[in-house]
Amino acid sequence: MAAMAAMADATTPFTERCEKREVDGDGVVHTGEDGAEAGDEEVKAVENLAVGPVLTASEVIQRLRSQLHPNVGTYRLMYSSLVGGFISDPAAMVIPMDDHMVHRSHGVFDTTNLINGHLYQLDDHLDRLLRSAAAAKLEAPFPRAQLRHLLITLANLAGCTDGHLRFWISAGPGGFFTSPAECPRTVFYAVVLAQAKDYPDPRRPFKAVTSTVPMKPPFFATVKTVAYLPNVLVDIEGTENGCDVGIWKDADDCVGEGPCANVLFVSREGVLLSPPFDGILSGCTVKTVLKLAETLLVIREGERGGAGGAEETQENGEQQPLKRRAVQDGIEVKKVRRDEIPTVRSVQCQEEGDGGIEKEEEEEETTSVGAVQLLPPSPSGLGSPSMAEKAGGREVTKGEEEKEEENGGQRTGQGQKNRVHLHGIEIRKIKLEEVFSFAEAMYVGSGHLVTPIGVWDGQLIGDGRPGPVTLQLRELLEEDMSNPKNLVKLDYRPLK
């Protein structure tokens, strides 16, 4: 009977068991009507808990300050439309528990980099924030122009030259139910983090592992919300497997994205490949990289590009921009000249077979890495660009090329330093099994720039070393990050 009573007690909810016991003034536990044994260890543990006093607002701030962790040293300044001002004390950089962004994940966010006293691609990230907010049925508390002004003012007041500017639109506080109808108004939060440039070294390739965490449904994957539990689990899984990153795959075993960045590949035919953006986040950085990659597109005499055999070659055999066909929003797009190539968007390229390029019939004096062609190395150790490359929308003249050779392969005019060539760019479904046949793989995001992936699921990608296209795209992106047209210069009015 005693054993049966013990079993019954073990299966009774803990809170009910606590209610059936009384404690006298001497701290003696008395058994309730259920006949359970006195002195239950769980009850003793509850009695010994230090619950603490009821605190005033000032006491809360004091205790929060005593609990600050080392990372708060990077928290320079916060803006909150809830309080209508800027907050410099990290202990006060908090949001209410009943904010629906906290307990219902009803909020969206974005981030822009702070580089050498400039905000990089602020407008692109702000636009994406507003698109995410619209998808999440969140109305921004201010017009776009005012949000932009607030972000620039915040960055100016923070007074740091390098770091990150993170910003959120939340349904705001109002209760603990699901519907945002209980929330009086949406709220805008933003924080400046002062951090040194800590981008991954492109000479050290990442190790990646395919994640077992299910991908988000397409709608939620394409909206940048704060519901990041799946992303966190992918990140943890990567670490647990001794890797730098985990990468999603979908139900059809096609490559998705990382927890905070996109992935690109280079085939052995010299084609840059990206998964389609209808089921993953359309990253601002990867879109920039795809645009920059278009400057590397070339075609040689005898090559054919695009569906339906579209081709265009020069009689003198000089290299020229690749012409290809793609389907964009149901419209066939024919790309002809490099200076006419539109921005790469979510494009589903048609099946072109062998990368849409016929193999060259005659070998030229080039060094071949897969099918990526590099011209003979210059004294700097990198191939020099061809005469047919564009320089500000014009041809590089023979005289410029000769002068370039005299300067060790470094172009002194307005030309770009394109040292590698691509034979195509495709945005299509990529089977996981294809990954291991590619020449290069790379991890692309605002926090990683363009970082090579050398090992995936324990298998080498290419020879496991940083590939020439990856390194070239990293260089082009870093140049783009110093391009004035992409930057908002800060005038710095530090807090006194």
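Each reported figure results from applying straightforward, stated rules to the coordinates on display, with no laboratory input. None of the values given here were measured: they were computed from a predicted structure. For neighbour counting, all protein chains shown are included, and Cβ atoms are generated from backbone atoms with ideal geometry for every residue, glycine included.
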Give Lys287/Lys485; Lys224/Lys489; Lys207/Lys291; Lys197/Lys291; Lys197/Lys224 a once-over and call out the pairs whose C-alpha atoms are over 22 Å from each other. Lys224/Lys489; Lys207/Lys291; Lys197/Lys291; Lys197/Lys224
For the range 118-213, what are the per-bin percents of Cα-Cα distances with bins 10 Å wide, up to the bin holding the maximum? 13, 34, 27, 21, 5, 0
Distance from the range 232-305 to the range 93-141 (C-alpha centre basis), Å: 24 Å
Quick one: check the C-alpha center-to-center distance for the range 436-496 versus the range 46-87, whole angstrom. 37 Å
Of 220-233, 83-96, 63-76, ordering from highest average Cβ density within 10 Å down gives 220-233, 83-96, 63-76
